[in-house]
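These notes are about the structure you will find just below.
The values are calculated or read from the model by the stated rules, or taken from the named source; none is laboratory data. As the structure is a computational prediction, the values presented were derived from the model and not from experiment. Virtual Cβ from ideal backbone geometry, glycine too; neighbours counted across all protein chains shown. Only protein heavy atoms, including side chains, enter the accessible area calculation; ligands, DNA and RNA are left aside. Shrake-Rupley method; radii C 1.70, N 1.55, O 1.52, S 1.80 Å.
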Amino acid sequence: MSSEQVRFAAEHYCAAILQPWETGAARELKRLRPDMTVLAYKCLSSVRSYEPGPVYSSGVSFAEAEAAAVALEDDDDGGGWFATRLDGARIEWERYPGHWQMKVWEPGYQRRWVENVLAEFHGSPFDGVLADNDVFDDYYGLNLPIPGAADMSVLRTALGDLVNAAGTALNSVGKILVPNIAESRRETGRWAAHAAYGGGFEEVWLGYGPEHLFDPATAEAQLPQAGGPGLSILRVPTDGNDQHPNFLYGLSAFWIFGEGRGAYSATAHDDYSRTQHAPELDWQLGPPRGRPQGRGHTWWREFEGGFAAVNFNRDGRRRRKVRIPAGMVDDAGRPAPSSCILPPQRGVLFRRRG
């Protein structure tokens, strides 16, 4: 992370996710913005063979996993902590060369992951850990069944156990755990349970891609994530352009259903190295004047300092007229109209004239 990015992030963001070796940037962010939550990335599910160390983006290094494979070469499944296919071959993730799937259900792997992460972050400048790949389905070509895991429920259960163990350990030393909780809308209670140690990250909020946004029912099933527990980090997909309409679409919903708490981002796929920004991201709309109001998958809410509305419909014929309270202005300071026609899968924000 460059010094320019550090200064920009401190000015515009309330949370940052860095690689675990970026301790200098973490210290500078905390100096410039003491109230910012600064998290270090760690993968729950894989080791990366291309990383030289001595600090790694996984909780267990590739060398540690290799040593365990030798020490446990006579175990029933083979491979030690490396997950293997039915023919005994290790599993390298599709589309991510050098990422090797681990037996996340193996108690020894879980213990080492927690021990390593606890030792690394005890007393560090980071506020805690962003734990990636708390997976729900097979996203990386595991092609189950494999030895030790007949289906994805084995991995989901094991990752729940690992999140619980790591979160409890990190909380005991004053750090938080924020997992990247995949598809929690598909399992009642999953978000609340996995976010209980400091918060949760939803990487595909309101859609899988810039042109693949969710239908209204699916989008609305995700909305409780905006309310916590802990720090909710919500990322909406765009094509990488800060002018993409999905930026305001997600930000409007972020305010309506989360009251601006937590952190929000809008990026292209796996494009997390740039400092994305829109002027509305800096707005503070203040406390709400009442609860979210809605009709036909269109929602709006007035705040002490502004107004937000969002239309979750995706049918092009389902445009919705939304009345805008008096005294609002747009991002250029121009008076807002008394109403607007909101197209499907679009959002708007206005500030109160000050």
When every residue in the stretch 1-19 that is more than 23 Å from R261 (Cα to Cα), of a type outside the set (G, A, S) and part of a loop (DSSP other than H, G, I, E, B) is compared, the one most open to solvent (accessible area, probe 1.4 Å) is M1
Meets criteria (touching a residue at least 12 places away in the same chain (Cβ under 8 Å) and open to solvent by 10 Å² or more (accessible area, probe 1.4 Å)) for E120: yes
Of the conditions (1) of a type in the set (G, A, S); (2) at pLDDT 95 or above; (3) farther than 30 Å from A10 by Cα, A67 clears all except one; give me its number. (2)
Residues (open to solvent by 30 Å² or more (accessible area, probe 1.4 Å) and at pLDDT below 95) located in the stretch 244-264: R261
From the residues in the stretch 268-310 that are open to solvent by less than 50 Å² (accessible area, probe 1.4 Å), among the polar types (S, T, N, Q) and modelled with pLDDT under 95, which one is nearest to G227 (Cα to Cα)? Q276
From the set of residues in the stretch 79-91 that are closer than 19 Å to A67 by Cβ, out of contact with any strand residue (DSSP E or B) (no Cβ under 6 Å at 6 or more places or on another chain) and open to solvent by 20 Å² or more (accessible area, probe 1.4 Å), which is modelled with the highest pLDDT? G88
How about the stretch 20-49: which of its residues are more than 16 Å from L130 (Cα to Cα), outside any helix (DSSP H, G or I) and of a type in the set (G, A, S)? S49
